[in-house]
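What follows draws every value from the coordinates through simple rules; no lab data is involved. This one's a predicted model, so the numbers in the text were calculated from it and none came from an experiment. With ideal geometry, Cβ positions are generated from the backbone for all residues, glycine too; neighbour counts draw on all protein chains shown.
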């Protein structure tokens, strides 16, 4: 009997030791709350980091867009101002001179117009001017043909009995050509020529030509022909 009583007492003592005292419970609760707060704090911190990262990426994108979108003040800065696209220099009085914005924008429009519309097919040209060592004159007539970038032409009149040219037209209407002709002295003459187009106010074309003989004295010259 004393044996069982002794065992019961021992078990009772052990059971009391396993119970959590109010003091221990009070000590454990703050740790649980603290742990929960730490988790919530970490989540909030991650959210803030994500927000900051998005802001950083958006700022970089805006910066890149601003860099890629060129305004007129970005082109030749600082050699420009509100009046001049390009300041070539200054007068003795300190006044700037150069290419104005109006001239620049006009040139851009002319380039775009030439790039889109210039085609020489079936156009007829006559010379306006020529240097003395040239053979074409106001009596000479050119008949142009164009297929893609390939240009051909026949011409005659004045000192020219018969002439042909062949050339390549670039996207701006400039022509790089070679020509040969038989003149009134029955001489076969050859040469090279580069032509730069000008669109006149009436829509007609004027060609500014720089040429050189590849036969005879190999002299150089300039001429202007205009569409009729």
Practice task
Report the label-to-label distance for residue 87 and residue 137 in nanometres (one decimal), using points 7 Å from each Cα along the Cα→Cβ vector.
Solution key: 5.3
Handout entry: Efficiency of FRET between residue 174 and residue 95 - r from beta-carbon atoms, R0 35 angstrom, step 0.05
Key = 0.50
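In nm, what is the difference between 0.36 nm times the number of residues separating residue 186 and residue 129 and their Cα-Cα distance?
Once the chain is fully extended between residue 186 and residue 129, it gains 18.2 nm.
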Practice task
Report the relative contact order of region 133-205, percent, no decimals, based on alpha-carbon pairs under 8 angstrom and at least 6 residues apart.
Solution key: 20
